[in-house]
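Please treat every number below as a calculation from the coordinates, not as lab data. Because the structure is predicted, anything quoted here is derived from the model rather than measured. All Cβ positions, glycine included, derive from the backbone under ideal geometry; neighbour counts span all protein chains shown.
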């Protein structure tokens, strides 16, 4: 009697592995920072140029306006360095977010995301890896900008709890802005459009308490400054770096609330755009 061999078992299908896929996409995002150094340099060079310009050119006069009793000149520059450093740290996080919009648009336009859709990877890891990668880059740039400010004479007074609060706030802000900018990048019709879409985010600190006190502004501008996201965020960073001096609990709650609103809205919008592209 002939024996019929049993068919060989089919090879097991390897499905998505969310954590491993996320780490892979994170590694890809960090490698892109090495291959496209212009995006990375933008995170550091922009805030550094602004730091030097506003402190050494405008600081002598502006410092007398932000710190009562300070005379223009060297004392004014020192006072303005204390005032503007928290602003430039926030702008550094914003710069990292604007770069991720360009990165997402490049992937969409170049067909990279379409290729990822044919692979057995967790769909959520594609965007999450980019977001986390640019958050880490922005945090590294933030350390460099803070180091430059310290070299110029800035002396933060934050304790251990203050530094922990700053790290938490910057992580939350970075995630929120990056998810929003990923959505802006996916929604853009070209890479050039994506690079310009988040420019409003860089403008908002100028229309808040970032560079001058809101009390010096005309009433309509002051109303806008008081009710836009970056004023409470900058004031919270300023208070934490000052060791809690002048830290307002209401402003802290507003800063966290704005980050959550921006982050959730950006995440839902980005996920919707990514799913729509997957169905296209």
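Some notes on this structure:
- Virtual spin-label span in nm between residue 152 and residue 200, 7 Å along Cα→Cβ: 2.9
- Theoretical gain in end-to-end length, residue 253 to residue 192 [0.36 nm per residue, Cα-Cα removed]: 18.4 nm
- If the convex hull is drawn through the Cα atoms of the chain, its volume per residue in Å³: 170
- One Cα centroid belongs to the range 234-265, the other to the range 178-227; the line between them spans 17 Å.
- In angstrom, the C-alpha Rg and Dmax of the range 140-199 are 16.1, 46.
- Per-q log10 I(q)/I(0), the range 14-145, q = 0.16 Å⁻¹ (Debye; single scatterer per alpha-carbon; no solvent): -0.79
- Sites residue 112 and residue 45, calculated FRET efficiency, Cβ-Cβ separation with R0 30 Å, nearest 0.05: 0.65
- Pairwise Cα inverse-distance average, inverted: Kirkwood Rh of the range 199-253 (Å): 11.4
- Residue among 35, 27, 238 with the largest mean-square fluctuation in a Gaussian network model of the chain, springs linking Cα atoms under 10 Å: 35
- Highest GNM mean-square fluctuation among 48, 132, 31, for the chain modelled with Cα contacts below 10 Å: 31.
- Overall shape of the range 71-166 was characterised from the C-alpha gyration tensor. The equivalent ellipsoid obtained from it has semi-axes of 39, 15, 8 Å, in decreasing order.
- The range 62-107: mean projected area of Cα convex hull, nm²: 3.6
- Highest-MSF residue in the chain out of 256, 221, 182 [GNM, Cα springs under 10 Å]: 221
- Contour excess over end-to-end distance, with Cα ends at residue 34 and residue 215 and 0.36 nm allotted per residue: 60.8 nm
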